[in-house]
Amino acid sequence: MFEGSLLKCKNEFQEKKIPFMANIFAEVAFRDDVSTALAHQVYVIADRMTYRQLLIVATVHRKEEIAFDTTKWNTSFTMCFIPGRSRAHVMTDELAGFMRELYALSRTGEDLLSYDRTSTVHHGSEQGVLTMLGRLVYELMRLDQIDVAELVSLKDEFVRITGIP
C-alpha cells in the first residue's frame, strides 16, 4: 500500500510533464535554429527535471507576471543563507528539498538558471534569470502554457517554507 502511494505521487507529477515533453518535438519541427543534437540535449535535460523544476523555470521567466522577486532564491549552501534571514538560519527538510531543486538548475550540468549580479548592491540579492539554455528549454517545452495559478502556488509554497514574503 505504501509503495502504491509513492508510485501514485511520482506518476501524477510525471504525467503532468508529458504535454510539455511532447511540445519539444512539436516545436523543433518548426525551428531551423535548433539542431538535432541541441533538441536531444534539451529533451534529456527536460526528462531529468522534476515537475517542480519546470515550475521554477516558468516562474523565473514569468516573475513579473506573478510579482515575485527571485532574489529570494539565493542558493548558497555553504552558509545556508537566505536573504532577509540570519546566516544561522536552520535548514528544514522542506527548504533543503526546494533549495536542492534550485541548485540542480543552476549549479550542475543543466545550467538553466543563473543569478544576475550586474544590477546588485550586495551579494545575496542577485535576481534569478534563465540562461540561454534555460530560455530554450522554456520555449521548446512551451512552459508559457503552465497555468499562472500553479506558479503562484509555487511562490506561496516558498513563502510558507521560508517565512520570507
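Derivation of every value follows stated rules applied to the coordinates shown; laboratory data play no part. All values derive from a computational prediction rather than experimental measurement.
Can you list the aspartates and glutamates whose alpha carbon is less than 18 Å from that of Lys17, not counting same-chain residues fewer than 8 positions off?
Partners found: Glu27, Asp47, Glu101, Glu110, Glu139, Asp144, Asp147, Glu150.
When the chain is fully extended, how far beyond the present Cα-Cα distance does Asp32 get from Asp47, taking 0.36 nm per residue of separation?
Stretched fully, the Asp32-Asp47 segment lengthens by 3.2 nm.
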